[in-house]
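Just below is one structure, and these are the notes that go with it.
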Amino acid sequence: SAVISQKPSRDICQRGTSLTIQCQVDSQVTMMFWYRQQPGQSLTLIATANQGSEATYESGFVIDKFPISRPNLTFSTLTVSNMSPEDSSIYLCSVGSRQHNNEQFFGPGTRLTVL
Amino acid sequence: GDSVTQMEGPVTLSEEAFLTINCTYTATGYPSLFWYVQYPGEGLQLLLKATKADDKGSNKGFEATYRKETTSFHLEKGSVQVSDSAVYFCALKGSSNTGKLIFGQGTTLQVKP
């Protein structure tokens, strides 16, 4: 399986600020995704991070609010911009590749609280 | 669009009881189906999967069978342990090859000694 790390593991932020979350994988992967898990809720896909091109966003999520970078096959960042308390969630990075039978593995998550 | 529906929790059982968590799905084509587990304070882990009709996924005593006729993928375990207490998520990956997962709402299982 792929080993995924995320930084930071948690943060408490003020309204109106931005936070960038990093996702690092121990091997090259084809696919990287960012999910949000709001308190007591299920996981919702924010976007697919594409290497070398703009991310593909799901309905309800926009690049201005959640800019994503993926400079190579092992690293991605998600920024939560102009935060409000409604952005308080766990943000998870996941990866998949043919090497791992296209299974998806999840990072430990970043727990964000916005005051 | 594709969707997954799980039975609502929480589910509370005594140790060694039989567990069923229902999961049904709506999808076009032939999706792959998954159960993920989230133990308290930990990340999401793949528990088992099935990629085609009538496949049975199994792991750690848990089983689920891909039933296309009833569009279901119910999770079962014959004898639960306290250590099985966690949140269980049913998910599907559509046949469109985008790779993205669609999750059910999650079911909390609490096993009491």
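The table below gives the values:
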| quantity | calculated |
| --- | --- |
| Dimensions in Å of segment B:1-65 - Rg and Dmax from alpha carbons | 13.2, 39 |
| Rg to Rh, two decimals, where chain B supplies the alpha carbon set and Rh follows Kirkwood | 0.96 |
| Peptide B:53-64 - average C-beta neighbours from other chains (10 Å radius) | 0 |
| Loop-resident sites, segment B:1-88, for GluC sites (Glu not before Pro), counting at most 16 other Cβ within 10 Å (DSSP) | B:8, B:15, B:16, B:42, B:69 |
| Fewest-first ranking of B:39, A:57, B:66, using other Cβ atoms within 10 Å as the exposure measure | B:39, A:57, B:66 |
| Scattering profile of the protein assembly as shown at q = 0.10, 0.15, 0.16 Å⁻¹ [log10 I(q)/I(0), Debye over alpha-carbon scatterers] | -0.46, -1.01, -1.13 |
| Cα-only Debye scattering, chain A: base-10 log of I(q)/I(0) at q = 0.12, 0.20 Å⁻¹ | -0.38, -1.05 |
| Segment B:25-113: Lys pairs at Cα distance under 22 angstrom, eight or more positions apart or on different chains | 20 |
| Phi to ³J(HN,Hα) by Karplus 6.51 cos²θ - 1.76 cosθ + 1.60 over segment B:27-43, Hz, x for Gly, Pro | 7, 8, x, 10, x, 9, 10, 9, 10, 10, 10, 10, 6, x, x, 10, x |
| Isolated Cys in chain A, by beta carbon distance under 4.7 Å | A:13 |
| Order of A:87, B:54 - criterion: other Cβ atoms within 10 Å of each residue's Cβ, fewest first | B:54, A:87 |
| Calculated from backbone phi, Karplus (6.51, -1.76, 1.60) coupling profile of segment B:66-71 in Hz, x at Gly/Pro | 6, 10, 6, 5, 10, 6 |
| Scattering profile of segment A:10-57 at q = 0.16, 0.24, 0.32 Å⁻¹ [log10 I(q)/I(0), Debye over alpha-carbon scatterers] | -0.65, -1.13, -1.21 |
| Karplus 3J(HN,Hα) series, Hz, for segment A:81-90 with 6.51 cos²θ - 1.76 cosθ + 1.60 (x for Gly, Pro) | 9, 6, 5, 10, x, 5, 7, 5, 6, 9 |
| Cα centroid separation - segment B:49-113 against segment A:2-57, whole Å | 24 |
| Part-to-part distance (alpha-carbon centres) for segment A:72-115 and segment B:1-43, which is given in Å | 21 |
| Mean separation of Cα contacts under 8 Å, 6 or more apart, over the residue count of chain A: relative contact order % | 37 |
| Net charge over other residues, Cβ less than 15 angstrom from the Cβ of residue B:107 (K, R count +1; D, E count -1) | -2 |
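Values in this text are rule-based calculations from the coordinates and carry no lab data. Please read all numbers here as calculations on a predicted model, not as lab measurements. Every residue, glycine among them, receives a Cβ derived from its backbone with ideal geometry; neighbour counts consider all protein chains shown.
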